[in-house]
Amino acid sequence: MTDTPLKIGVGVPLGGMGETLGREMANAIQLAVDGANEAGGINGHRIEAVVLDDKGREEDGERVVKEFVRNAAAVAAIGHYNSNVTLHVAPLYAAAGLPLIGPIISNRH
């Protein structure tokens, strides 16, 4: 595999509302990443999950998105556990051109 990993941002609550399920979600994603890497990664690139704590709050979700875009050089993101956070930050991901997989999203209404 090449030395340059493909970084996938993972925004979940590691503290605050949804902490337990956020940790389980991060662990499940890491298992999938490990399996993909054992199978050769993606086009010869190792995958790296960059897990950041959104604390289940919208303002922390904004911070997480900015970190994925500015410093983590993520190519995609998975998150967030709390629907209110996902719905709040989805436009930020779109504006940055960063694909978001939202495994848990409910309508605000």
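Every read-out reported here was derived from the displayed coordinates using simple, explicitly stated rules and does not represent laboratory data. Since we're looking at a predicted model, the values are computed, not measured. A quick note on method: Cβ atoms are made from the backbone with ideal geometry, for glycine too, and the neighbour counts reach across all protein chains shown.
Percent of alpha carbon pairs in segment 10-52 separated by more than 17 Å? All intermediate terms of the calculation are to be shown ahead of the outcome.
Numbers: 328 of 903 pairs.
Counting pairs separated by more than 17 Å, the tail of P(r) holds 36 percent.
For the chain, what mean projected area does the convex hull of the alpha carbons give, in nm²? It would help to have the intermediate numbers written out before the result.
Details: hull surface 26.5 nm².
Its average projected convex-hull area is 6.6 nm².
Would you mind checking which residues have amide H under 5 Å from ALA49's amide H? H placed 1.01 Å from N; only 5 or more apart, or other chain.
Placed amide hydrogens put ILE8 under 5 Å from ALA49.
Work out from phi, with θ = phi - 60° and the Karplus expression 6.51 cos²θ - 1.76 cosθ + 1.60, the ³J(HN,Hα) of each residue of segment 58-70, listed in order in whole Hz, and give x for Gly and Pro.
Once θ is set to phi - 60°, the couplings for segment 58-70 become 4, 5, 6, x, 4, 4, 4, 4, 4, 5, 4, 6, 7 Hz.
Counting only DSSP beta bridges with both residues in segment 2-101, tell me the antiparallel percent, nearest 5.
Numbers: 1 of 15 bridges.
Of the beta bridges lying entirely in segment 2-101, close to 5 percent run antiparallel.
Sort ILE42, ILE29 so the one with the fewest other Cβ atoms within 10 Å of its own Cβ comes first. It would help to have the intermediate numbers written out before the result.
Working: ILE42 15, ILE29 19.
Taking fewest neighbouring Cβ atoms as first place, the list is ILE42, ILE29.
Using +1 at the Cβ of each Lys and Arg and -1 at the Cβ of each Asp and Glu in the chain, identify which of VAL64, MET17, GLY35 lies farthest towards the dipole's positive end.
The one lying farthest along the dipole's positive direction is VAL64.
For THR4, THR86, what's the fewest-to-most ordering of other Cβ within 10 Å of each Cβ?
Neighbour counts put them in this order, fewest first: THR4, THR86.
Just subtract the alpha-carbon distance of ASN27 and ALA94 from 0.36 nm times their residue separation and send over the number in nm, one decimal. Mind showing how you got there, number by number?
Values: separation 67, 0.36 × 67 = 24.12 nm, distance 2.57 nm.
Roughly 21.6 nm would be gained on extension.
Using a simple charge model, +1 on the beta-carbon of Lys and Arg, -1 on the beta-carbon of Asp and Glu, nothing else, what dipole does the chain show about its Cα centre, in debye to the nearest 20?
Numbers: 9 positive and 13 negative charges, 47 e Å.
Taking the Cα centre of the chain as origin, the dipole is about 220 debye.
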